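Written out below as structure tokens is the structure these notes cover.
The values are calculated or read from the model by the stated rules, or taken from the named source; none is laboratory data. Note that the structure is predicted; figures quoted are calculated from it, not measured. Here Cβ is always computed from backbone atoms with ideal geometry, including for glycine, and neighbour counts include all displayed protein chains.
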Amino acid sequence: MADKIYVVLDHNQEKIRPASLEALAAGQQMAAQTGREVHAVLLGRDLSAVAQQASGFQLASVITVENEKLAEYDPDYFTAALASRLDSDQPQIVLFAHTYQNIDLLPKLAAALRKALVTECVGFRKDDSGSLVFVRPMFRNKLNADVRVQSDFPWLISVQGGAFSADSLVQGSAPVVSQKADLDSVQSRRRTVETVPAAKGKVDLSRAEIIIGVGRGIRKPENLQIVRELADALRAEIGASRPVVDNDWLERERQIGSSGQTVNPKLYIACGISGAIQHLVGMKNSGCIVAINTDSNAPIFNIATFGIVGDLMEVVPALTKKIREQNG
Ligand SMILES: Cc1cc2nc3c(=O)[nH]c(=O)nc-3n(C[C@H](O)[C@H](O)[C@H](O)COP(=O)(O)OP(=O)(O)OC[C@H]3O[C@@H](n4cnc5c(N)ncnc54)[C@H](O)[C@@H]3O)c2cc1C
């Protein structure tokens, strides 16, 4: 029997989460390059809808692991259900999307299994000996590290959003294998008091033709005024990287990236944004990308159409002045 790759999919009972489809694409590519077979794994209750969606891809099988206690995410139940499945099925590699849920789950699962965990992978390749090497960014995306896992299988790997494209998923027709999880002896130490859906914002950046993205390089909220003036002159919307939103300098609904909005304006001006993959995934399909950054090595310049190495406090007002002159 061929060696196995498992891809554990996050879902909302009706649909597989987009980040997990990207992890599935990574799994298919890894399987094609290493001669392993790839299986999807779904945990939950009443999984027929998501199992049907998963079975539409080219996979060796879709394994559903059902139990009433898996209806909502719970780290104790999810760890127990997965640990027992992995123990008995012995896959070599287990892929997950790098979602908040899996950031919570994976260290616990790795500790329970006493196996290796490599997080936030953006790529992989085979080295000269045929072993897999995983690529993950370090130091705020300034470096990429090659990680070789030394321990026994299974290796747990989380895949960064935006690193693989769900568009590359190969369609197919996979059999569904239903399993029941035995969780009778497992105690949950967590109680969910309330689940609050994220508020839907009023700002719809997905329709904006011009967006000025503001990053941590703006340094303080008072400095946003120069960006507002440029936005006025260009009739643009203002978007933000996550630190700007986390600092409450701009509203959450303006966040662009893997945990914010996905935008594709004709023009995106990135001001003081380094270009972390979680931001790029939300704006890389913009028509023209202008990046303003003091650091000539900032990754944003790798995808920029035009790059301006300079202080945004000088460049942005100069741009506004020029545009106002042009507008008359
Ligand atoms: C699960 C997860 C989800 C995430 N989701 C998102 C998301 O949806 N969106 C998102 O944006 N991030 C997201 N992040 C965070 C992401 O990893 C980065 O930390 C973030 O994008 C960095 O934001 P930044 O570029 O503004 O800040 P930094 O990385 O700190 O970059 C600031 C940049 O400003 C430049 N700079 C400084 N001063 C100036 C100046 N005066 N003029 C010009 N340039 C200057 C610096 O050279 C630097 O390049 C997520 C992270 C995780 C783990």
Fill in: Positions within segment 11-52 being under 13 Å from Ala97 (Cβ atoms) and in a helix (DSSP H, G or I), in sequence order
Pro18, Ala19, Ser20, Leu21, Glu22, Ala23, Leu24, Ala25, Ala26, Gly27
Discussion item. Taking the conditions exactly as written (farther than 19 Å from Glu120 by Cβ, within 12 Å of the ligand (Cβ to nearest atom), at pLDDT 90 or above and surrounded by fewer than 23 Cβ atoms within 10 Å (Cβ to Cβ)), does Asn293 satisfy them or not?
Written reply: no
Practice prompt. Grab the strands (runs of 3 or more DSSP E) fully contained in segment 175-254, keeping just those with 2 or more residues being under 22 Å from the mean Cα position of the chain (by Cα) and small (Gly, Ala, Ser).
Written response: 237-240
Worksheet entry | Selection from segment 1-32 of residues that are modelled with pLDDT under 95, touching a strand residue (DSSP E or B) at 6+ places or on another chain (Cβ under 8 Å) and surrounded by fewer than 19 Cβ atoms within 10 Å (Cβ to Cβ) | Ala2, Gln13, Arg17
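Can you tell me which residues in segment 35-52 are surrounded by fewer than 18 Cβ atoms within 10 Å (Cβ to Cβ) and not aliphatic (A, V, I, L, M)?
Gly35, Glu37, Arg45, Asp46, Ser48, Gln52 - these are the residues of segment 35-52 that are surrounded by fewer than 18 Cβ atoms within 10 Å (Cβ to Cβ) and not aliphatic (A, V, I, L, M).
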Worksheet item: Under 6 Å by Cβ, and 6 or more places apart or on different chains, what pairs join a residue from segment 301-320 that is closer than 11 Å to Ile226 by Cβ and within 9 Å of the ligand (Cβ to nearest atom) with one that is among the β-branched types (Val, Ile, Thr) and in a strand (DSSP E or B)?
Response: Leu312/Ile292; Val315/Ile292; Val315/Ile308
Worksheet item: On the given criteria, is Thr262 modelled with pLDDT of 95 or more, over 20 Å from Leu143 (Cα atoms) and either near the ligand (Cβ under 10 Å from one of its atoms) or among the polar types (S, T, N, Q) (or both)?
Response: no
Worksheet item: Residues in segment 199-211: is at least one within 11 Å of the ligand (Cβ to nearest atom) and not β-branched (Val, Ile, Thr)?
Response: no
Response to the item:
Of all strands (runs of 3 or more DSSP E) fully inside segment 55-135, the set with 2 or more residues that are surrounded by 17 or more Cβ atoms within 10 Å (Cβ to Cβ) and over 20 Å from the mean Cα position of the chain (by Cα) is 61-66
Discussion item. Quick check on my filter: what residues within segment 136-158 are assigned to a strand (DSSP E or B) and either among the charged types (D, E, K, R) or free of Cβ contacts under 8 Å to residues at least 12 places away in the same chain (or both)?
Written reply: Arg136, Met138, Leu143, Ala145, Asp146
Worksheet item: Of Pro91, Pro107, which residue is under 27 Å from Asp184 (Cα atoms) and free of Cβ contacts under 8 Å to residues at least 12 places away in the same chain?
Response: Pro107
